[in-house]
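Engineer: Mind having a look at this structure? Questions to follow.
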Amino acid sequence: MKGLAIVGVLLIVLGVLSFVVPVPHQEKHGIKVGDAKFSVQTESSEKLPPAVGIILVGGGVVALILGLRKA
């Protein structure tokens, strides 16, 4: 299998995973008054926008076709 075909398969897998797997995100906000420190940490998990997954899958299909065509 050529290198471009491998990249195509990898892009397809990443594109499909972007529809399913959420990406964790953490934020920490704090204030320090003298020796005391008060902070709040928020955590959220959000999926990537569908356009990102569509672009990854489309690019993977194109790379896979071009990689197999040259073989």
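What follows draws every value from the coordinates through simple rules; no lab data is involved. Note that the structure is predicted; figures quoted are calculated from it, not measured. Reconstructed Cβ throughout: ideal geometry from the backbone, glycine too, with neighbour counts over all protein chains shown.
Engineer: Return a yes/no flag: does segment 51-67 have any residue that is touching a Phe, Trp or Tyr at 6+ places or on another chain (Cβ under 7 Å) and among the small types (Gly, Ala, Ser). Working first, answer last.
Structural biologist: Taking segment 51-67 as the starting set, the residues that turn out to be touching a Phe, Trp or Tyr at 6+ places or on another chain (Cβ under 7 Å) are 53.
Next, only the ones that are among the small types (Gly, Ala, Ser) stay: 53.
Taking every residue of segment 51-67 in turn, at least one turns out to be touching a Phe, Trp or Tyr at 6+ places or on another chain (Cβ under 7 Å) and among the small types (Gly, Ala, Ser).
Engineer: Please find, within segment 33-70, the residue that is nearest to residue 2 (Cα to Cα) out of those that are of a type in the set (D, E, K, R) and out of contact with any strand residue (DSSP E or B) (no Cβ under 8 Å at 6 or more places or on another chain). Break it down stepwise before answering.
Structural biologist: First, the residues of segment 33-70 that are of a type in the set (D, E, K, R): 35, 37, 43, 46-47, 69-70.
This time we only want the ones that are out of contact with any strand residue (DSSP E or B) (no Cβ under 8 Å at 6 or more places or on another chain), so: 35, 69-70.
On the way: 35: 61, 69: 10, 70: 8 Å.
My answer is 70.
Engineer: If you don't mind, there's one more thing I want to ask. Can you tell me which residue in segment 46-57 is surrounded by the most Cβ atoms within 10 Å (Cβ to Cβ), limited to those that are without any contact (Cβ under 8 Å) to a residue 40 or more places away in the chain and of a type outside the set (Val, Ile, Thr)?
Structural biologist: Taking segment 46-57 and keeping what is without any contact (Cβ under 8 Å) to a residue 40 or more places away in the chain, we get 46-54.
Next, from what is left, pick out any that are of a type outside the set (Val, Ile, Thr): 46-51, 53.
Working: 46: 9, 47: 13, 48: 15, 49: 10, 50: 10, 51: 9, 53: 18.
Here the answer is 53.
Engineer: Mind listing just one residue for me: the one in segment 19-44 that is surrounded by 10 or more Cβ atoms within 10 Å (Cβ to Cβ) and not hydrophobic (A, V, I, L, M, F, W, C) and, of those, nearest to the chain's Cα centre (by Cα)? Please lay out each step first, then the result.
Structural biologist: If we filter segment 19-44 for residues that are surrounded by 10 or more Cβ atoms within 10 Å (Cβ to Cβ), which is where we start, we get 19, 21-23, 25, 44.
Adding the requirement that they be not hydrophobic (A, V, I, L, M, F, W, C) leaves 22, 25, 44.
Values: 22: 9, 25: 12, 44: 15 Å.
Checking each candidate, the answer is 22.
Engineer: I'm trying to understand the selection: among the residues of segment 1-45, which are assigned to a loop (DSSP other than H, G, I, E, B), in contact (Cβ under 8 Å) with a residue 60 or more places away in the chain and of a type in the set (Gly, Ala, Ser)? Step through it out loud before you land on a result.
Structural biologist: Here is the first cut: in segment 1-45, the residues assigned to a loop (DSSP other than H, G, I, E, B) are 1-2, 21-22, 34-35.
Add one more test, that the residue is in contact (Cβ under 8 Å) with a residue 60 or more places away in the chain, and what stays is 1-2.
Of everything in segment 1-45, nothing turns out to be assigned to a loop (DSSP other than H, G, I, E, B), in contact (Cβ under 8 Å) with a residue 60 or more places away in the chain and of a type in the set (Gly, Ala, Ser).
Engineer: Filter segment 21-56 down to residues that are hydrophobic (A, V, I, L, M, F, W, C) and under 16 Å from residue 11 (Cα atoms), then give me how many there are. So that I can check it myself, show each step before the final result.
Structural biologist: So the first thing to find is which residues in segment 21-56 are hydrophobic (A, V, I, L, M, F, W, C), and the list is 21, 23, 31, 33, 36, 38, 40, 48, 51-52, 54-56.
Still in the running and under 16 Å from residue 11 (Cα atoms): 21, 48, 51-52, 54-56.
Count: 7.
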